[in-house]
Amino acid sequence: MEIFQGLLYGFQVVLQPINLFYCFIGVFIGTLVGVLPGLGPAAAIALLLPSTFAASPVSAIIMLAGIYYGAMYGGSTTSILVNIPGEAASVVTCLDGHAMARQGRAGPALGISAFGSFIAGTLSVIVLTFLAPSLAKVALSFGPPEYFSLMVLGLTILTYFARESMVKALMMAAVGLLCGSVGVDSISGRYRFTFGIQTLMDGLGLVPVIMGLFGISEVLLNLERGKQKQEIFATPAKGLFPTREDWRRSTLPIMRGSVLGFFLGVLPGAGAIIASFVSYAVEKKASKYPERFGTGVIEGVAGPEAANNAAAGGAFIPLLTLGIPANAVMAILLGALMIHGLQPGPLLMKQAPDVFWGIITSMYIGNAMLLVLNLPLIPMWARLLRVPYAILFPFILLFCLIGSYSVTNNVGDGIVMWVFGVLGYLMKKFDYEAAPLILAMVIGPMMEEALRQSLILSAGSFTIFVARPISAGFILAAALLLILPLITRRREVAKAWTSVPQESAE
Amino acid sequence: MMKGLLGMLTVALLLSSASHLRAQSYPNQAISLVIPLAPGDAGDVAGRAMADELSKLLKVSVATLNKPGGGLTIGTDAVVKAKKDGYTILLTSNTALIAGRILNPETTPYDSFKDLTPLGMSTRTPVMFVVRSDAPYTRFQDLVEFAKKNPGKIRVGTAGVGTAGHFALELINSLTGAGMTMVPFKGASPAATALLGGHLEAAILAIGTLSGHLQSGQVRGLVVSSRSPPYPDVPLLTQIGYRQNIHGVWYAFFAPAGVSKEVTAALVAAIEKAVKDPSIVAKLAPLGMVQDYAPPEKLVTEMREEYQAVEEIAKKAGLVK
C-alpha cells in the first residue's frame, strides 16, 4: 500500500507541467547524445549539471536521469545504420543490427530496439518500484570474490562472439586483455605499458578505442571502396516497422534481456555494456540457428537493446536506496543530489519523498516519451542512409573526434582513436572481430582487480572463491559452460566416426 | 574613397588604443581554470562554484576545463606548461603535488614548489577512519588493541594506492603498530560499498563519499584528519595521545611559475574573496568540504611540512627507496 501511495505521490510531482518539461528535455538530450557517436551520457550530464543549479532538486534530477536512460535508446541508431555504436553499450547491436540494415531492414531493426527499449525500460522501473530495498541487499552481498567469479563467467561467453574462426576471436580477446592492462596498476600503483606517455597513464579509454575500431575503421574501409560504389540500401516504403514474425521472434529475447540487464545493472560496476554482451551470448545459445547470428538476426538486436535499457533502470537502485553509485553516470547524479542538499541512501525516501518517488515515476513517463519521440524518427533515420558518403563521413569523423576528445579533454585520446582506427581497418580486412576485444578489455581490468583484492582479503588463499556460495555458483556455471560443448562435440565426433564407415560400405 | 580611408584609420586607431588599454589591466579576457578531475567529482564541484564567483569578482569569464587522469598529475602538468600570462590557472590537490611527486617522481614531470605560483589554499576534505556501526569497537584505541591481538583480521579499504587514505593508514600502522591490511579500490565509492557489504572491517576515505552513510548511521567515524563540523565527536589522533595527525585532502589554486606580480596580486585577492564567500561555504558543506582559506606563503609552508612528513611515511612503509 505504501508503494502505491508513493507512486501516486510521485505522479503528482511528475505531472506538474514544469517537471514534465524537464523530463522531456532530459530524454530529448539523451536521445541526441545516444545517437551521436562518442558523446556519452556521462559527459553530457556533467556539462549540464551546473545549469540545473537554479532548478528545484526534483526537476534537476528528473532531467539528468532522463539523459541517462534516453542515451540508451539513441545508442542503437548509428550501430544499426552505419555500424558505429553511439554508446559503448550498443557495440553488440552493430553485429546483427547493421547486417539487417544492409538487407534493407533498417526500419524493423530500429523499431524493435525502440520497442524493446521501451518494454525493458518500463519493466525495470516496475521491478525498481517494488523490489528496490531487497535488491539493494543483493548488490551489497557482492564483494571482490563474487565480482571475480562473475567476470570469469563473463569471459567464458567470449566464445559466442566468434563468427567464423574461434582462434581469431580468442586472439582478439587476448589483445583486449592486453589493452585492458595498460595504465596504472590499481593494487601496486605502478604504471604498466605506458612507455612514459601521459595519455596511457590511466589506461586506454574505452570510448576512443570503440570509436577507432568501429567508427574510423568503417570510414577508412568505405573510402577504399570509392564513392561510386556506395551501397544503396533498399528502404522499401513498406516494412519500416517490425513484422508480426519479427515480434514473435523478439518477444522472448526482450524478456530475457530485460531480466539479465536489470540484475547486472543493479551490481555496481557490471553495468550496461556487459549486460548487452551477455544478452547476445544468451540469445545465441538459446537460438535454434546460432550459426545465423551476425547475418542480421533480429534476436541479436532485441535482446542486447532490451538489456542495456534494463541495466540503466537497475543502476538507480544502489543509488536511491544505498547512496552507492553503480557507474560513472550515477556518481555524477550522486554529486547532483548532494549539491541540491539531498543525501541519497536509506534516508532519501523519508527525507525527500518527492525526489525519491519523483525520479521513479518520471521514468515511467520518460520511457513513454522516448517511444513517442523515437518511432516517428525511424523513417527519417532510414533515409539518412541515402546521404552520400562524401557528406556523411566528414560528420562521422567530426563526432568521433569530439567524442574521444571530450571524455578527458585530452588530445592524446584522439591519437589513440586513430591508432585503433587503423588497427580496426586491418582487422576488418583480415576478418578479425572487434567485439571480443572490447568485451575482454572491459572485463579484464575488473577481473584482475577483483582477483587481487580477494587474495589480499583472504591473505593469499584461493579457497575464498569456492567457500562463498554466490562466488562458487558463478565458478560452477563457468566450468559447465566451458565443459559442456566439449562433451557434446566429442559425441558428435564419435557419431561422425561411426557413420563414415557405414556410408562407405554402401 | 577618402571617407573610406578615414573610416579605416579611425577603426585602426580605436583598435590600437583598445589593445593599449588591454595591455594595462589584467584581466581583460577569459581565464581558464583547469581542474585535473572528472566532471562531477567533489573537487570539480568546488572548482565550478568558485569559478562562478571568480567570474563576478574579476569581471571576465572564468571557464572550467576538466583534464582528469594520472592521479591529477596530467591536468596539473598541463598548467605547469601553459603560458605564463595568468589566463590559465589551476585548482589541484595534494594528491598531485605531494603524493604523486613522492611515489612516482619519474611520471610526475614537475617540481611542485618551483614550477607553480601558489595563489591560495581553498578547500579541505577531512579523511576519516570508519567502521560499520555494528562493529564492537566504539573507540579507536579498542580497534587498535583488537588489531594487535589479531593480525590480519582488520582489513581496511582505501580509494587506491597513493591516496590520502593510503598514507593515513600507513601512518596509523607505524604510530600504533596495529598492522592493519590495506585493500586498495578504484575510488572511494567501491571501497565504501565493500565496507557496507561486510567485505571489509574498516575504510579510510575522504568524508565526501562517506557523509551519506555517516548521516544514516550505517558507519561510525573513529578518527579524523581535521575538524569536520558535522561530526564534532570524532577525535584527531593527537587528541587521543599520538604525536602526529593523519593528513586530509586539500585543494589550492596555482598559476604557472613566472607569472607577473600584478597578475598574481589580482588573482590572490579575488581567490581569497571567492573562497570565503558564504554561499559557497554553505553549498560545499553537505559534500564534506570545508572552505579554509590560507594565503600563498602559508600554503607553501604547509606544503613543505606535509611533503616531509609524507615522504617519511612512504620511506618507512617501503613505498619508495
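Just so it is clear, none of the values below were taken in a lab; they were calculated from the coordinates. Note that the structure is predicted; figures quoted are calculated from it, not measured. Using ideal geometry, Cβ is built from the backbone for each residue, glycine included, and neighbour counts are taken over all protein chains shown.
Counted over the range B:127-240 with a bin width of 5 Å, the fraction of Cα pairs per bin, in whole percents, is 2, 13, 25, 28, 22, 9, 1.
How much of the DSSP beta bridge set in chain B is antiparallel, as a percent to the nearest 5? Looking only at bridges with both residues in chain B, the antiparallel portion is about 65 percent. Projecting the Cα positions of B:Met303, A:Ala286, B:Gly177 onto the charge dipole of the protein assembly as shown (unit charges on Cβ atoms of Lys, Arg, Asp and Glu, taken about the Cα centre) puts A:Ala286 furthest along the positive direction. In sequence order, the range B:55-64 has phi-based couplings of 4, 5, 6, 8, 6, 10, 6, 10, 9, 7 Hz under the Karplus curve 6.51 cos²θ - 1.76 cosθ + 1.60, θ = phi - 60°, and Gly or Pro positions carry x. For the peptide B:182-188, the mean number of other protein chain Cβ atoms found within 10 angstrom of a residue's Cβ is 5. Could you state the number of Å between the C-alpha centres of the range B:258-300 and the range A:269-306? Cα centroid to Cα centroid, the span is 53 Å. Within straight-line reach of B:Lys283, meaning a Cα separation under 18 Å, sit the following lysines at least 8 residues removed in sequence or on another chain: B:Lys56, B:Lys273. Taken one residue at a time, the phi angles of the range A:22-39 give Karplus couplings (6.51, -1.76, 1.60, θ = phi - 60°) of 4, 4, 5, 4, x, 5, 5, 4, x, 4, 4, 5, x, 5, 6, x, x, 6 Hz. Gly and Pro are set to x.
Take the Cα of A:Lys288, go 7 Å toward its beta carbon, and none of the backbone nitrogen atoms of the range A:254-281 fall under 17 Å from that spot. For A:Gly203, the amide hydrogen comes within under 5 Å of the amide hydrogens of A:Gly183, A:Val184, counting only partners 5 or more places away or on other chains and with H modelled in the peptide plane.
For the range B:80-124 versus the range A:122-191, the spacing of their alpha-carbon centroids is 36 Å.
For the protein assembly as shown, what class follows from the C-alpha gyration tensor (a ≥ b ≥ c being the square roots of its eigenvalues): rounded when a/c is under 1.5, otherwise prolate if a/b is larger than b/c, else oblate? Verdict is oblate for the protein assembly as shown. Given in Å, the Rg to one decimal and the Dmax to the nearest whole number for the Cα atoms of the range A:303-427 are 19.9, 57. Close amide H contacts of A:Gly323 (hydrogens built in the peptide plane, cut-off under 5 Å, sequence separation of 5 or more or a different chain): A:Gly345. Put simply, the amide H of B:Leu119, placed in the peptide plane, has neighbours under 5 Å in B:Phe253, B:Phe254, B:Ala255, leaving out anything fewer than 5 places away on its chain. Rg/Rh for the range A:247-321 (Cα atoms only, Rh after Kirkwood) is 1.03. Averaged over the residues of peptide A:405-414, the number of Cβ atoms from other protein chains lying within 10 Å of each residue's Cβ is 3.
From most to least packed by mean Cβ count within 10 Å, the peptides A:486-495, A:430-439, B:221-230, B:116-125 give B:116-125, A:430-439, B:221-230, A:486-495.
For peptide B:71-82, the mean count of partner chain Cβ atoms within 10 Å of a residue's Cβ comes to 2. Here the range B:127-240 is treated with +1 on each Lys and Arg Cβ and -1 on each Asp and Glu Cβ, and its dipole about the Cα centre works out to around 100 debye. Count the DSSP beta bridges whose two residues both fall in the protein assembly as shown, then state the antiparallel fraction as a percent rounded to the nearest 5. For the protein assembly as shown, the DSSP antiparallel bridge percentage is about 65.
Here the 3J(HN,Hα) profile of the range A:256-265, calculated from phi with Karplus coefficients 6.51, -1.76 and 1.60 at θ = phi - 60°, is 4, x, 4, 5, 4, x, 4, 5, 5, x Hz, Gly and Pro shown as x. Dividing the summed helix terms, -39500 (n - 2.57) for each DSSP H run of n ≥ 4, by the number of residues in chain B produces a 222 nm estimate of -13500 deg cm²/dmol to the nearest 500. How far is helix B:296-316 tilted, in degrees, relative to the longest principal axis of the Cα atoms in chain B, given as a value from 0 to 90 rounded to the nearest 10? Helix B:296-316 and the main axis of chain B meet at about 40 degrees.
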